[in-house]
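S.K.: Quick one: the structure is below, questions incoming.
Values in this text are rule-based calculations from the coordinates and carry no lab data. What you see is a predicted model, and the numbers here were worked out from it, not measured in a lab. Don't worry about glycine lacking a Cβ; one is built from the backbone with ideal geometry, like all the others, and counts go over all protein chains shown.
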Amino acid sequence: MEQHTLRRRGLGLRGTDPKVSPGYILYTPLTSRTAHLISTTGEEVHKWTLPYRAGRHARLLPDGNLAYNGAHPDAPNLFPMWAKYRGGAMIQVSPFGEIIREYRDPKAHHDQHHLPDGKILYTTLEALTPEEAAKVQGGITGSEAPGGIVYGDCIKLVDPWSTSNKSSSEDFEGDGKGGAKLLWTWRAIDHLDPELFRMHQDYPREHWPLINSVSFDSDGNIIASMRNTSSVVIISRETGEVLWHLTQPVVNQQHCAHQLPSGDLLIFDNGVFRPGISVPFTRAIVVARETKEIIWEYKDRSTGGIGLFTPFMGSAQKLPNGNVVLCEAATGRILEATESGEVVWEFVVPQLSDYTAVLGEGELEEMRKMGFAYESNAIFRAYKYLPEEVPWLKED
């Protein structure tokens, strides 16, 4: 009998309905160096083979290139979990596999946005001074990174291919084909109140506040999701000030917070450490920016909520027809649901493998210690694109 639970339950397309939006789903298995584009029939219509293992995810850009968040091949080993979620090799690849651009930051992690003008907004970190680290509240006592270090998050906006004003930071590499210009930077420790943004008591104190998504709002300010403080903030691009924040019980270890055309925020609420609730569940929510109230919610109504759950990673994307694509990341399940909550498409990533082919022995050993040595089909996010957004696919 098949011993892998996901194979036993079934991989690939699990169901579809005429209400599904036309288009193609993009996903990137975390144990691979590949990105896959599939149709609503579950057929793979395009595949990229890339030079680095997946750091997190990939997106399609308006010009047809793939923006890929790869794992920096020479990133330092900062702490055990770093091997799981580091990124740092930010590349743009043509539909036919040609690397167009590459920019590196060995301390980058989680999110990156390649903007239409060539700039990149992304998350990175730095070692806090002992005085700064002492200000960080919460976490497991004595669980700092090796050397007693607490790493604090930064957000950077860069013009990686500028020909002037190259940063002097050792973290700021560019692509070797010109200078790189640092346009804006934000340090969490400079702008967050550590008492208000406390790390959850069951987290190691190695990384705070663990920003897992960044994006612009319609005013040019930055929306950031911070996992181990269970909070979403909007940061002034002009001053660095926190203009707005949301926390528990509305969001709990959440991911992928971003603004909708209405101005409200769509958030993938993982649901770990949900206060006052002993049975965790994951949901997608739309939160009114003005009132901070939940004005829309999707959770698995057929199971009272528990049928959709991923303790980490995940995404939600609203489509033009009102449907929402959800990524139950840890088990590689992608759903599409209508606004009324009806599931109209389900797919389980069929690429199951461990990290053996993409990690060196040192990082493999770290994965074993953390319990991540199994065959996995995990992905960080999934994105859907309408047929008109991938016109090159006809040529392919």
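S.K.: At 222 nm, what value in deg cm²/dmol follows for the chain if DSSP H runs of at least 4 each add -39500 (n - 2.57) and the sum is divided by all its residues, to the nearest 500?
M.R.: -2000 deg cm²/dmol
S.K.: Moving to a separate point now. Quick one: which residues, 5 or more positions from F312 or on another chain, have an amide H under 5 Å from its amide H? H modelled 1.01 Å from N in the peptide plane, none for Pro or chain starts.
M.R.: Residues meeting the amide H criterion: A330.
S.K.: A further question on this structure: Could you check what % of the DSSP bridge pairs in the range 5-395 are antiparallel, to the nearest 5?
M.R.: Roughly 95 percent of the beta bridges in the range 5-395 run antiparallel, per DSSP.
S.K.: Could you derive backbone 3J(HN,Hα) for the range 373-388 from the dihedral phi with the Karplus parameters 6.51, -1.76 and 1.60 (θ = phi - 60°), listing whole Hz in sequence and x where the residue is Gly or Pro?
M.R.: Along the range 373-388, the couplings run 8, 7, 5, 9, 10, 5, 9, 8, 8, 9, 10, 10, 10, 5, x, 5 Hz.
S.K.: Ok, one more. On the principal axes of its Cα set, how long, how wide and how thick is the chain? Give whole Å, largest value first.
M.R.: Over the chain, Cα extents along the principal axes are 57, 52, 47 Å.
S.K.: Would you kindly state how much longer the chain becomes between E131 and T331 on full extension, computed as 0.36 nm times their sequence separation minus their alpha carbon distance, in nm to one decimal?
M.R.: So the extension gain works out to 68.0 nm.
S.K.: Here is a further query. Before anything else, pin down the relative contact order of the range 190-309: Cα pairs under 8 Å, at least 6 apart, normalised by residue count, whole percent.
M.R.: 16
S.K.: Under 10 Å, Cα contacts only: if you run a Gaussian network model on the chain, which one of G271, G118, G88 comes out with the highest mean-square fluctuation?
M.R.: Result for the chain, Cα springs under 10 Å: G118 fluctuates most.
S.K.: Given DSSP loops and a limit of at most 16 other Cβ atoms within 10 Å, what is the longest stretch of the chain that contains no such GluC sites (Glu not before Pro)?
M.R.: 99-169
S.K.: Length gain on complete extension for the stretch S236 to T141, per 0.36 nm per residue less the alpha carbon to alpha carbon distance?
M.R.: Full extension of this stretch gives 30.9 nm more.
S.K.: For the range 219-311, taking Cα atoms only, what is the radius of gyration to one decimal and the Dmax to the nearest whole Å?
M.R.: Values for the range 219-311 (Cα only, Rg and Dmax): 13.5, 46 Å.
S.K.: Using all Cα-Cα distances in the range 8-77, what percent lands in each 5 angstrom bin from 0 up to the longest?
M.R.: 3, 14, 22, 20, 17, 12, 6, 3, 1, 0
S.K.: If you don't mind, another one. Starting from the coordinates of the alpha-carbon atoms of the range 243-396, obtain the Kirkwood hydrodynamic radius over all distinct pairs and give the value in Å to one decimal.
M.R.: For the range 243-396, inverting the mean 1/r across all distinct Cα pairs yields 17.1 Å.
S.K.: Amide H neighbours of L243 under 5 Å, at least 5 residues apart or on other chains, H built in the peptide plane: list them.
M.R.: Those qualifying (amide H under 5 Å, at least 5 residues apart or on another chain) are I234, I235, S236.
S.K.: Per residue of the range 234-246, in order, report the coupling 6.51 cos²θ - 1.76 cosθ + 1.60 (Karplus, θ = phi - 60°) as ³J(HN,Hα) in whole Hz, putting x for Gly and Pro.
M.R.: 10, 10, 5, 5, 6, 10, x, 5, 7, 8, 7, 8, 10
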